[in-house]
Amino acid sequence: MIDIIDWTIVGPAFVAGLIVLSTHVPLGQEVLRRGIIFIDLAIAQVAGLGVIAAYALHWDPEGIEVQLAAVGSALVAALGLYWTEKHWAKVQEPLIGTLFILAATGGILLLAGNPHGSEHLKELLVGQILWTTWESLWPVALLYAAVLALWFWLHPRSGGLLFYLAFAVVVTASVQIVGIYLVFASLIIPALSTVNARRGRRLWAGYLVGAVSYFAGIVVSFWMDLPTGAVIVWSMALVGLLAGQLIVGKRQRF
């Protein structure tokens, strides 16, 4: 099997998935704890809207302006949701859903007159992980390492603000690598499938579920020439379901 895998393509894509998981698994567990499941979709969609707005203004797709538009949009949305959590906590989830649908339809409206609009929208939804290069991963890896260090150091006493800010920053980067659908799956499925694991092992179990899912999905999509992001989402659902059953069965035995 090793001989028929093109590691020049699969290797960077798999490492990209591991980098995404490094932050998304702990953040996903926090999402479940807070009970605001769709915040990942909403923030991801807002970051995508920032990218689409940059395209609409004909900014250089590889330029810093696009990154600033994406992270700026996500940070504004995250700070707004942090404020609503403090003042309108009872309707936080409906507000998150409203933000998601406004960002999604806003992107469609901005792309309505763009001849490449459907292509841009597809890239944001399912990502282009197989086109990842080693060079493009270094900045993201360094950014995520800094976010993880701050998360594990400051999170217990941050009062929730760090969660929203970290979420905005990492999701903005992840959307442009793996797409909105896979961002949501990477946040929720590993956390959900390991919710019954012992507290000290939950984080590592989530990392394992995510890593196996990314590798299997990338290889299958490469072999069968299918959209990689979509295949990984299905792979993660199947691996997560199996892992969840194994964890429950093991805890029942002991």
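The values are calculated or read from the model by the stated rules, or taken from the named source; none is laboratory data. Note that the structure is predicted; figures quoted are calculated from it, not measured. Heads up, the Cβs are rebuilt from the backbone with ideal geometry, glycines too, and the neighbour counts pull from every protein chain shown. These area figures cover heavy atoms from the full protein model, side chains too; ligands, DNA and RNA do not enter into them. Shrake-Rupley method; radii C 1.70, N 1.55, O 1.52, S 1.80 Å.
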Per-selection Rg to Rh, region 145-184 - Cα, Kirkwood hydrodynamic radius: 1.04
For peptides 233-240, 164-171, 206-213, sequence by mean Cβ density within 10 Å, most packed first: 164-171, 206-213, 233-240
Cβ-placed point charges (K, R +1; D, E -1), dipole of the chain about Cα centre in debye, nearest 20: 1580
The chain - percent relative contact order, Cα under 8 Å, separation 6 or more: 30
Sequence ranges 135-141, 38-44, ranked by mean other-Cβ count within 10 angstrom, highest first: 38-44, 135-141
Mean Cα-pair separation over length for region 200-254, i.e. relative contact order, pairs under 8 Å, 6 or more apart, %: 32
Heavy-atom accessible surface of the chain: percent carbon and sulfur, 1.4 Å: 70
Rounded, prolate or oblate (a/c below 1.5 giving rounded, otherwise prolate when a/b exceeds b/c) for region 115-254 by Cα gyration tensor: oblate
CD proxy at 222 nm, helix term only [per DSSP H run n ≥ 4: -39500 (n - 2.57); per residue of the chain; nearest 500]: -27500 deg cm²/dmol
Relative contact order %, region 1-121, counting alpha carbon pairs below 8 Å whose residues are six or more apart: 29
Linear extension gain, V15 paired with T105, 0.36 nm per residue minus alpha-carbon span: 29.2 nm
Overall form of region 135-212 per C-alpha gyration tensor (a/c, 1.5; a/b vs b/c): oblate
Å² of accessible area per residue within region 9-56, as computed with a 1.4 Å probe and no ligands counted: 23
Probe 1.4 Å, accessible area per residue of region 112-248, Å²: 52
In nm, spacing of pseudo-spin labels at K86 and V248 (7 Å Cα→C-beta vector): 4.0
Chymotrypsin sites (Phe, Trp or Tyr not before Pro) within region 58-126, DSSP loop, no more than 16 other Cβ atoms inside 10 Å: W59, W88
Among L154, Q128, V248 the positive-end extreme of the charge dipole of the chain (Cβ point charges): V248
Full-stretch length increase - W59, N196 - with 0.36 nm per residue and alpha-carbon distance subtracted: 44.7 nm
Dipole moment magnitude, nearest 20 debye, region 31-167 about Cα centre, only Lys, Arg, Asp, Glu C-beta charged: 680
